[in-house]
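Asks: Encoded as structure tokens, here's the structure I'll be asking about.
The values are calculated or read from the model by the stated rules, or taken from the named source; none is laboratory data. Keep in mind that what you see is a predicted model, and the values were worked out from it rather than measured. We place every Cβ from the backbone using ideal geometry, glycine too, and count neighbours over all the protein chains shown.
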């Protein structure tokens, strides 16, 4: 395995001052979801190279860094400039060697793979960071009035406003239905088109409410939750990025290494589940054949037959963990195309 380049100097890392003893806590009280469960699942060992594909506020990375120690290397990936600044703070105090790649994770993983870097453990936290949600001016939250932006990478051109004000009613309805699983997609899309131009999140929330039956506005959760999810996924191409990243991440993993994925809605979780299950599949012969002739062997052992979810103590401290699902797999061998 080639050592990671441009490694930062190391010194002991102190626990976060907000909640003593919670190294999974990032800046300003951000708590990473299922942090200890994830670290236990991937089992990082001293001296290993671990890739954090979605660094965010660094809560998971802090726990991993403690495990891999001064001879280990943690490589962080994130396309959000705020995360890059957080990584610099993390690296200055990390008890391991560090490196950061500022890019969408499928592109970053491919670049690392082309360098010959292999990881002993690798993980993805597919949820949106609370640092993004809480930055009202970025337009991710329906709780704050802000410009319709929603870009995880401010350098990209496509914004939420452009989608809402240029896509057809049919395109909008399809997006809301497929990416947000919104049952009132038709009515909401009609209201969006009728109210153009939309410029702020408050205007979008009003359009969403107007496109729903009165009874649906007072159900469980905020009425705009699904629509905001769909729009954020569309702006950032999140599902396409996941589909591209999963196989590259697996190829970057050493045999005997472990990979974990934390997802926050069914569209993400289904992808992770299907990906790991496909890798763990053995014989692929037609069922009518009496004996196996394909010789296909599984590449993975699924470590989570059921997803790991937050317990009551974590939900009490961090309600955002309620929808989190953690899945993982152990790499048994290289694939035929690796």
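Asks: Check whether at least one residue in region 150-159 is on the phi < 0 side of the Ramachandran plot, buried (at least 16 other Cβ atoms within 10 Å of the Cβ) and without any contact (Cβ under 8 Å) to a residue 40 or more places away in the chain, and report yes or no.
Replies: Step one: of region 150-159, the residues on the phi < 0 side of the Ramachandran plot are 151-159.
Cutting the leftovers down to buried (at least 16 other Cβ atoms within 10 Å of the Cβ) gives us 151-152, 159.
Of the ones still in play, those that are also without any contact (Cβ under 8 Å) to a residue 40 or more places away in the chain are none.
No, region 150-159 contains no residue that is on the phi < 0 side of the Ramachandran plot, buried (at least 16 other Cβ atoms within 10 Å of the Cβ) and without any contact (Cβ under 8 Å) to a residue 40 or more places away in the chain.
Asks: Exactly one of (1) within 30 Å of residue 190 (Cα to Cα); (2) buried (at least 19 other Cβ atoms within 10 Å of the Cβ) is unmet by residue 260. Its number?
Replies: (1)
Asks: Only one of 251, 243 is modelled with pLDDT of 95 or more and within 13 Å of the chain's Cα centre (by Cα). Can you tell me which?
Replies: Numbers: 251 fails: within 13 Å of the chain's Cα centre (by Cα).
One residue alone meets the criteria, 243.
Asks: Within the bounds of region 150-160, is there any residue that is in a helix (DSSP H, G or I), out of contact with any helix residue (DSSP H, G or I) (no Cβ under 7 Å at 6 or more places or on another chain), in the same structural domain as residue 210 (by TED's automatic domain parsing) and under 30 Å from residue 101 (Cα atoms)?
Replies: The first filter runs over region 150-160 and keeps only residues in a helix (DSSP H, G or I), leaving 160.
Now drop any that are not out of contact with any helix residue (DSSP H, G or I) (no Cβ under 7 Å at 6 or more places or on another chain), which leaves none.
The answer is no, given that none of the residues of region 150-160 is in a helix (DSSP H, G or I), out of contact with any helix residue (DSSP H, G or I) (no Cβ under 7 Å at 6 or more places or on another chain), in the same structural domain as residue 210 (by TED's automatic domain parsing) and under 30 Å from residue 101 (Cα atoms).
Asks: What number of residues in region 91-119 are assigned to a helix (DSSP H, G or I) and either touching a residue at least 60 places away in the same chain (Cβ under 8 Å) or surrounded by fewer than 20 Cβ atoms within 10 Å (Cβ to Cβ) (or both)? Full working, then the answer.
Replies: Step one: filter region 91-119 for residues assigned to a helix (DSSP H, G or I), giving 91-93, 105-114.
Those still in the list that are either touching a residue at least 60 places away in the same chain (Cβ under 8 Å) or surrounded by fewer than 20 Cβ atoms within 10 Å (Cβ to Cβ) (or both) too: 91-93, 105-107, 109-114.
Qualifying residue count, region 91-119: 12.
Asks: Tell me which residues, restricted to region 184-221, are assigned to a loop (DSSP other than H, G, I, E, B) and touching a residue at least 12 places away in the same chain (Cβ under 8 Å).
Replies: Filtering region 184-221 down to residues assigned to a loop (DSSP other than H, G, I, E, B) leaves 184, 195-199, 211-213, 219-221.
Those that are assigned to a loop (DSSP other than H, G, I, E, B) and touching a residue at least 12 places away in the same chain (Cβ under 8 Å): 184, 195, 196, 197, 198, 199, 211, 212, 213.
Asks: Which members of region 59-80 meet the condition of being within 17 Å of residue 33 (Cβ to Cβ) and part of a helix (DSSP H, G or I)?
Replies: 59, 60, 61, 62, 63, 64
Asks: Let me ask something else. Suppose we filter 225, 322 for residues that are touching a helix residue (DSSP H, G or I) at 6+ places or on another chain (Cβ under 9 Å) and in contact (Cβ under 8 Å) with a residue 24 or more places away in the chain; which single one remains? Spell out how you get there, then give the answer.
Replies: Values: 322 fails: in contact (Cβ under 8 Å) with a residue 24 or more places away in the chain.
Step by step, each of 225, 322 is checked, and only 225 is touching a helix residue (DSSP H, G or I) at 6+ places or on another chain (Cβ under 9 Å) and in contact (Cβ under 8 Å) with a residue 24 or more places away in the chain.
Asks: Could you figure out which of (1) at pLDDT 95 or above; (2) exposed (fewer than 14 other Cβ atoms within 10 Å of the Cβ) isn't true of residue 198?
Replies: It fails just one condition, (2).
Asks: With in contact with a strand residue (DSSP E or B) (Cβ under 6 Å, 6 or more places away or on another chain) and surrounded by 17 or more Cβ atoms within 10 Å (Cβ to Cβ) as the only criterion, which of 326, 231 stands out?
Replies: On the way: 231 fails: in contact with a strand residue (DSSP E or B) (Cβ under 6 Å, 6 or more places away or on another chain).
So the residue among 326, 231 that is in contact with a strand residue (DSSP E or B) (Cβ under 6 Å, 6 or more places away or on another chain) and surrounded by 17 or more Cβ atoms within 10 Å (Cβ to Cβ) is 326.
Asks: Take the conditions in a loop (DSSP other than H, G, I, E, B) and within 21 Å of the chain's Cα centre (by Cα) and apply them to residue 305. Does it pass?
Replies: It is true that residue 305 is in a loop (DSSP other than H, G, I, E, B) and within 21 Å of the chain's Cα centre (by Cα).
Asks: Among the residues of region 54-61, is there at least one that is more than 28 Å from residue 241 (Cα to Cα), in the same structural domain as residue 320 (by TED's automatic domain parsing), modelled with pLDDT of 95 or more and crowded, with 24+ Cβ neighbours inside 10 Å? Explain how you work it out, then say what you get.
Replies: Looking only at region 54-61, we keep the residues that are more than 28 Å from residue 241 (Cα to Cα), and these are none.
No, because not a single residue in region 54-61 is more than 28 Å from residue 241 (Cα to Cα), in the same structural domain as residue 320 (by TED's automatic domain parsing), modelled with pLDDT of 95 or more and crowded, with 24+ Cβ neighbours inside 10 Å.
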